[in-house]
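Data block below; observations after.
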Amino acid sequence: MNRRAPLLTRSPVDLVLTIIAIVVVAFLFVPIVVIVIHSFNAGRLLIAWQGFSFDPYVVMLQKPAIRSAVGVSLLTGVIAAVLATLAGTLAGIALARRPGRWAAWFLITLLLVSVTPEIVDAIALLPWLVTLGIDWQMPVFNNGIVRLVIGHSLFSIAIVSFIVRSRLVGIESQLEEASADLYATPARTFRRITLPLAMPAVLTGGLLSFTLSLDNTIVSSFVAVSGSTTWPVYIWGALRGGLKPEVAAVSTVMFVLTLLVLALVALVLRRSGDSAASIARTLAAG
Amino acid sequence: MRARPGFLLALPAWLWLVVFFVVPVLQVVWFSFGRKPGIFGTHDNSVLTLDRYAEALDPTFGTVFLNTLWIGVAGTALCALIGIPTAYWMAVKAKPQWRGLLIALVMIPYWTNFLVRTIGWQVVLAPEGWLSTALGALGILDGPLEVLNTRGAVLFGVVYNYLPLMILPAFVAFDRVDPTLREASRDLGAGRWRTLFRVTLPLAAPGLFAAVILVFIPLMGDYITPSVLGGAAGSMVAQLVAVQFQAGQNWALGSAIAVILILAIVATAALGYALFRLVALPFAAARRVKLGAP
């Protein structure tokens, strides 16, 4: 391909297509831009613009409820992501490299987890956690963070398993066979060959789990106990009484953090030799 | 790592999912065959009955089911209509060196908090919001914009929220189509439309169908978008389930509604797959002719 494809090709159909795509991408950013603008709102309510001010950012740092909610979200996110990544990576490797008759059943379980609406997870988990924690007297299940981690980990385990599996299925297992032929123990082959091969998928899966946990509103609002309010549940609760501009301020900070993390991941994946298209492929595997 | 450890590696994840997903969901199915025993109880399974299913499908709740199905089908169709051409442009028409940036631009909104994005639209669409003011200033609109708390606002919201979920897999589907096949088609005298309909689309079709399903499933169960944008007029089934479990304290009825929701999602997706096979059938013949196509 030494023909240089200009961004705007000649045909009018292509021109229309280009315009549609640019409008769509711009459309995706509208509410984000609006939230960023409104994070500088001097008014009392988020929704009604009353002039420019940095006050929301000052208030954001002062309110203990906000600090606590963001703290709970970050803590839950890290634990849920680590847990989902560990369990999902092992499961994904097993599915790709050692599928047996069990694999079909396991895949059905994963599929069910990923198609079940979040609200069903929420209403199913709540009575179950109460049964475990109170009726069967296992007090760990009365801990807010534990409940949140359980709720957030379900979908993430399925996603990580799918991503890791599809990454390894795409790579032949010759390297692992060679390693075994050269007398590496199975554990060593796993650590030195299989895991490094799966690494880009593991990383993407872990990050996706973290983001999904930070995003989770419905399951969290059902299973949370007092004192373990996550950031989305805080917003959800404030929604009825009218949102304050500091909600937009925190969201803006989190948006900037997301950008930084995404840039970091893109960098890491690029160093491991993945093109942008294959990064998208890794992500869309879920 | 011989035969057995494959199973053992998957065991932690499997056990976790069985204990915290399969068992609780089965419990919900069990609840759905019970009843609400008086004002203070939440569920009672001493007598098993299908009455909760009849109750869930009576006109009060039935309209919400129809509403949800309408939003689900129309929302997915609009996402496909907007998302697939965009993905096609990204994968086929845009300069290769732009692709990374374009994918990032689609992914960033997807990784931004769902609830916050939806609130962003609430700010835009509110009667005293930006769009209302802008349309008023342009003289297009007389008086405040009255779209918030309607079914239309929910449809708009879900199309926005699930669009990245359509574009990314559709991009992958188009990206996997070998460009040399398109060139071959052009070299053999097919025009651009013929190439699109006889080569590119048939090859990308399975991936595009997967994208449609990927959007439809979570969209049908959406709780946040109708709660933020829909008000009473635009309510969806997920909200009914939540109300029965929270304010209503009627777990039996809530469970029955949840089970019907899952069945409705599966049935519609299966119907969609059947239709897809029917539509794809005429193209299958064209596919077989190609050399080396996957």
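Please go through the range B:100-147 and pick out each residue that is of a type in the set (S, T, N, Q), touching a helix residue (DSSP H, G or I) at 6+ places or on another chain (Cβ under 9 Å) and over 21 Å from B:LEU168 (Cα atoms). Give the steps one after another, and end with the answer.
First pass over the range B:100-147, keeping only residues of a type in the set (S, T, N, Q): B:112-113, B:118, B:122, B:132-133.
Then keep just the ones that are touching a helix residue (DSSP H, G or I) at 6+ places or on another chain (Cβ under 9 Å); that gives B:112-113, B:118, B:122, B:132.
Passing the criteria: B:GLN122, B:SER132.
Out of B:ARG182, B:ARG198, which single residue is basic (Lys, Arg), part of a helix (DSSP H, G or I), within 20 Å of A:ASP14 (Cα to Cα) and within 14 Å of chain A (Cβ to nearest Cβ)?
Details: B:ARG198 fails: within 14 Å of chain A (Cβ to nearest Cβ).
Just one listed residue meets the conditions, B:ARG182.
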Going through the range A:98-120 in order, the residues found to be in contact (Cβ under 8 Å) with a residue 24 or more places away in the chain and within 7 Å of another protein chain (Cβ to nearest Cβ) are A:VAL113, A:GLU118, A:ILE119
Residues of the range B:214-234 being assigned to a helix (DSSP H, G or I) and without any contact (Cβ under 8 Å) to a residue 60 or more places away in the chain, in sequence order, are B:LEU214, B:ILE217, B:PRO218, B:SER227
Select the helices (runs of 4 or more DSSP H) contained entirely in the range B:1-118, then report the ones holding at least 1 residues which are more than 9 Å from chain A (Cβ to nearest Cβ) and surrounded by 14 or more Cβ atoms within 10 Å (Cβ to Cβ).
B:23-31, B:51-57, B:59-88
How many of the residues making up the range B:119-161 are farther than 20 Å from B:CYS79 by Cβ and part of a loop (DSSP other than H, G, I, E, B)?
15
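Can you tell me which of A:VAL36, A:VAL23 is within 12 Å of chain B (Cβ to nearest Cβ), loosely packed, with under 14 Cβ neighbours inside 10 Å and either at pLDDT 90 or above or assigned to a loop (DSSP other than H, G, I, E, B) (or both)?
Numbers: A:VAL36 fails: loosely packed, with under 14 Cβ neighbours inside 10 Å.
Only one candidate passes the filter, namely A:VAL23.
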Quick one: in the range A:126-180, of everything that is part of a helix (DSSP H, G or I) and aromatic (Phe, Trp, Tyr), which residue is nearest to A:THR211 (Cα to Cα)?
A:PHE155
Condition check for B:GLU183: within 28 Å of B:PHE216 (Cα to Cα) and either without any contact (Cβ under 8 Å) to a residue 24 or more places away in the chain or surrounded by fewer than 22 Cβ atoms within 10 Å (Cβ to Cβ) (or both):
no
Filter the range A:233-249 for residues that are modelled with pLDDT of 90 or more and more than 9 Å from chain B (Cβ to nearest Cβ) and give the result.
A:VAL233, A:TYR234, A:GLY237, A:ALA238, A:LYS244, A:PRO245, A:GLU246, A:ALA249
The condition from (1) of a type in the set (Val, Ile, Thr); (2) loosely packed, with under 15 Cβ neighbours inside 10 Å; (3) within 12 Å of chain B (Cβ to nearest Cβ) that A:VAL58 misses is numbered (3)
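The values are calculated or read from the model by the stated rules, or taken from the named source; none is laboratory data. Owing to the predicted nature of the structure, the values given are computational and were not obtained by experimental measurement. In this analysis, Cβ positions are derived from the backbone assuming ideal geometry, glycine residues included, and neighbour counts consider all displayed protein chains.
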